[in-house]
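Q: Mind having a look at this structure? Questions to follow.
The values are calculated or read from the model by the stated rules, or taken from the named source; none is laboratory data. Everything numeric in this text was worked out from a predicted model, so none of it was measured. Note that we place each Cβ from the backbone using ideal geometry, even for glycine, and neighbour counts take in every protein chain shown. To get the accessible areas, we keep the full protein, side chains included, count just its heavy atoms, and leave off ligands, DNA and RNA. Shrake-Rupley method; radii C 1.70, N 1.55, O 1.52, S 1.80 Å.
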Amino acid sequence: SCGTLGGHLARRLVQIGVRDVFSVPGDFNLTLLDHLIAEPQLNLVGCCNELNAGYAADGYARAKGVGACVVTFTVGGLSVLNAIGGAYSENLPVICIVGGPNSNDYGTNRILHHTIGLPDFSQELRCFQTITCAQAVVNNLEDAHELIDTAISTALKESKPVYISISCNLSGIPHPTFAREPVPYFLAPKVSNQIGLEAAVEATAEFLNKAVKPVLVGGPKLRAAKAQQAFVELADACGYPIAVMPSGKGLVPENHPHFIGTYWGAVSTSYCGEIVESADAYVFVGPIFNDYSSVGYSLLIKKEKAVIVQPNRVTIGNGPSLGWVFMADFLTALAKRLKKNSTAVDNYRRIFVPPGIALKRENNEPLRVNILFKHIQEMLGGDTAVISETGDSWFNCQKLHLPENCGYEFQMQYGSIGWSVGATLGYAQAAKDKRVIACIGDGSFQVTAQDISTMIRCGQRSIIFLINNGGYTIEVEIHDGPYNVIKNWDYTGLVDAIHNGEGKCWTAKVRTEDELAEAIATATGTHKDSLCFIEVFVHKDDTSKELLEWGSRVSSANSRPPNPQ
Ligand code: TPP
């Protein structure tokens with residue numbers, strides 16, 4: 001029997017766990033889309049633009065482990081690049097599929113539409129090369145299945161996005177190769193080098209067992225290394241306190257008895273920074289120390305006291321660094337070799353005084369940001385997920401205490417504003433058992449607002465808090481100027497216009513705590529099955545205290561003068 005290339009790709013997507021593909025049609029991908037639709041287990045989600053389709057695939061991959069989008073040659077491809085760059089930075093396997101030129105045009109000097117007008121067939125490919133871990137340009141049937149399977153398995157193995165371009169005339173041609181089963185693609189399991197693993201565990205155990213008050217800190221690469229469970233087992237076994245880096249929030253259980261908060265240098269949660277920085281040994285598991293997460297390079301962390309565990313390497317103080325040692329293997333083996341030491345947890349509990357509770361204000365007093373987040377905190381449970389946009393939401397959401405199984409997603413390494421709208425669409429589509437609570441600043445929302453449309457079309461029931469503070473506040477705290485003031489929109493009016501009477505959508509504007517409480521009651525009551533959009537008005541200078549501190553430190557890091565020549 002014969003299959004088709006389009007059918008083959010559709011089947012592979014289903015086999016790796018994709019059920020929804022985010023797409024924008026174009027003449028180069030139409031036939032391919034027909035074949036994706038023909039696969040009963042695949043649902044095509046048409047988006048308003050490619051950037052959002054890419055962000056949706058990113059959000060989907062966060063919930064499901066893998067995501068996919070389909071765009072058209074160059075005009076679509078170049079539009080989705082920013083989203084794919086973001087997925088790379090967050091170690092998300094996103095399969096980015098492009099409907100490409102007719103196979104007969106390769107090797108000619110023809111000029112194609114939707115390109116920059118040069119007879120250059122590699123221009124789009126070259127753009128994708130630096131933001132994907134593998135690229136497949138499929139322009140003949142002979143090795144098509146091999147190219148596709150290699151790209152897909154590389155994405156899963158590396159936990160990074162890949163680019164697959166398929167000539168527009170190939171998707172529908174019957175070809176015996178594509179009917180062949182079982183699955184020829186194969187994912188070789190990563191097995192640690194036993195000698196390296198043993199040496200790393202030995203050296204780390206010796207290092208930590210002589211420490212007085214060691215601590216464990218989880219970072220963002222726990223996800224890609226699939227080591228969250230091993231991290232918790234290690235924490236249980238050794239008795240050390242566990243903290244999370246800001247970019248790793250959501251990957252470390254905050255209901256764990258040893259959890260002490262977010263380690264973020266000068267803007268850490270109460271008492272967490274003090275405990276981590278005063279420890280005589282710390283284990284950072286999957287960290288990224290960038291200028292933002294290190295609060296303008298101001299962390300008081302010393303390499304000689306640190307064990308750094310990366311997905312495939314362990315470095316012990318200033319001493320040995322062992323490669324081809326995988327994180328989960330290492331943590332599991334280490335758990336059996338550490339002496340139990342709860343000194344730092346005990347110290348934390350002795351000094352800890354809970355942070356003050358935001359006061360209830362008078363009825364018609366303007367709403368303050370910390371009151372808003374007090375209410376959001378109360379909404380959280382195992383059946384919710386928080387999506388936090390770049391901006392002051394980073395800092396406010398960072399302080400939310402996550403109940404067991406509550407999801408948490410943001411994009412701290414890349415920090416591209418507008419990401420959260422597409423990511424909310426994709427995450428909600430993948431995690432139907434959770435209600436997404438998205439916190440989005442007005443400036444970010446202006447970038448990608450259109451795909452509220454797709455959320456309504458898909459019948460999603462996320463709750464979006466649009467925080468209207470009239471500007472790019474995070475930027476104000478780094479460096480202010482007239483460019484940080486934005487045009488005020490009627491945000492609920494915009495969403496109502498997109499809703500246009502089709503589907504379930506409910507909007508409200510709130511200016512006081514009472515109005516907020518009422519809106520939340522409606523969103524979780526009468527409108528629990530609707531997309532709920534709550535525009536919250538706050539003062540333009542009402543920010544988290546963490547943003548103020550962080551902003552000054554990032555500002556001074558940005559403005560370091562050039563070194564003298
Ligand atoms: N362009 C992109 C694509 N990403 C960025 N991060 C920036 C520009 C720079 N930038 C970072 S945060 C920000 C901007 C413009 C403003 C965010 O404003 P808003 O969403 O209103 O949140 P607020 O800071 O007010 O909480």
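Q: Which value, in Å², gives the accessible area per residue of segment 401-521 when a 1.4 Å probe is used on the protein heavy atoms? All intermediate terms of the calculation are to be shown ahead of the outcome.
A: Values: 4710 Å² over 121 residues.
Value for segment 401-521: 39 Å² per residue.
Q: Between beta-carbons, use under 11 Å as the cut-off and find the net charge around I164, counting Lys and Arg +1, Asp and Glu -1.
A: Values: positive: R12; negative: D149.
For residues surrounding I164, the net value is 0.
Q: If packing is taken as the mean number of other Cβ atoms within 10 Å per residue, what is the order of 217-223, 241-247, 270-276, 125-131, highest first?
A: Values: 217-223: 25.0, 241-247: 27.6, 270-276: 20.4, 125-131: 15.4.
Those peptides, ordered most packed to least, come out 241-247, 217-223, 270-276, 125-131.
Q: Would you kindly find the accessible area of H175, with a 1.4 Å probe and non-protein molecules such as ligands, DNA and RNA excluded, rounding to the nearest 10 Å²?
A: For H175, the solvent-accessible surface is approximately 30 Å².
Q: Per residue, how much accessible area does segment 1-148 have with a 1.4 Å probe, in Å²? Walk me through the numbers on the way to the answer.
A: Values: 5140 Å² over 148 residues.
Computed with neighbouring chains in place, this is 35 Å² per residue.
Q: To continue, here is another question. Could you please report the charge total around H527, scoring K, R as +1 and D, E as -1 over all other residues with beta-carbon less than 13 angstrom from its beta-carbon?
A: Details: positive: R435, R461, K504, K528; negative: E518, D529.
Spelling it out: positives minus negatives among the neighbours equals +2.
Q: How would segment 444-564 be classified by its alpha-carbon gyration tensor: rounded, prolate or oblate, with rounded meaning a/c under 1.5 and the a/b versus b/c comparison settling the rest? The partial results should precede the final answer.
A: Details: a/c = 2.76, a/b = 2.10, b/c = 1.32.
Prolate, since a/c reaches 1.5 and a/b exceeds b/c.
Q: Where does the charge balance sit around S247 when Lys and Arg score +1, Asp and Glu -1, over other residues with C-beta under 14 Å from its C-beta?
A: On the way: positive: R62, K221, R223, K249; negative: E90, D291, E409.
Result for the neighbourhood of S247: +1.
Q: Please go through segment 388-461 and write out the GluC sites (Glu not before Pro) that DSSP classes as loop and that have at most 15 other C-beta atoms within 10 Å. Before the final figure, lay out the partial values.
A: Values: sites: E389, E404, E409; in loops: E389, E404.
Counting only loop positions with at most 15 other Cβ atoms within 10 Å, the GluC sites (Glu not before Pro) in segment 388-461 are E404.
Q: Give me the distance in nm between label points sitting 7 Å out from Cα along the Cα-to-Cβ direction at I351 and T150, one decimal.
A: Each label point lies 7 Å from its Cα, and together they span 5.5 nm.
Q: Taking square-rooted eigenvalues a ≥ b ≥ c of the alpha carbon gyration tensor, is segment 56-192 rounded, prolate or oblate, where a/c under 1.5 means rounded and, failing that, a/b exceeding b/c means prolate? Walk me through the numbers on the way to the answer.
A: Numbers: a/c = 2.08, a/b = 1.22, b/c = 1.71.
The shape class here is oblate.
Q: Then there's this: For a label point 7 Å from the Cα of E158 along Cα→C-beta, name the residues of segment 118-136 whose backbone N is under 20 Å from it.
A: Flagged as within label range: 122-136.
Q: Any idea of the accessible area per residue across segment 524-565, 1.4 Å probe, to the nearest Å²?
A: Values: 2540 Å² over 42 residues.
Computed with neighbouring chains in place, this is 60 Å² per residue.
Q: As a test, work out the antiparallel percent of DSSP beta bridges whose residues both lie in the chain, rounded to the nearest 5.
A: 15
Q: Using only the Cα atoms of segment 490-554, each taken as one equal point scatterer with no solvent, compute I(q) by the Debye sum, divide by I(0), and report log10 of the ratio at q = 0.14 Å⁻¹.
A: Cα-only, vacuum Debye calculation for segment 490-554: -0.55.
Q: In whole percent, and with a 1.4 Å probe on the protein chains, what portion of the accessible area of the chain is carbon and sulfur?
A: On the way: 12130 of 22870 Å².
Within the chain, the accessible surface is 53 percent carbon and sulfur.
Q: Let me ask another. With no solvent and one equal point scatterer per Cα, compute the Debye intensity ratio I(q)/I(0) for the chain at 0.08, 0.09, 0.10, 0.12 Å⁻¹ and report its log10, rounded to two decimals.
A: With one equal scatterer per Cα and no solvent, log10 I(q)/I(0) is -0.58, -0.73, -0.90, -1.22.
Q: Take N255 and H114, extend 7 Å from each Cα along the Cα→Cβ direction, and tell me the distance between the two endpoints in nm.
A: 4.7
Q: S393 accessible area, nearest 10 Å², 1.4 Å probe?
A: Approximately 10 Å² of S393 is accessible to the 1.4 Å probe.
Q: So, one more: Only sites in a loop by DSSP and with at most 13 other Cβ atoms within 10 Å count here; which trypsin sites (Lys or Arg not before Pro) in segment 512-554 make the cut? Provide the component values of the computation, followed by the final result.
A: Numbers: sites: K528, K540, K545, R553; in loops: K528, K540.
Filter output for segment 512-554: K528, K540.
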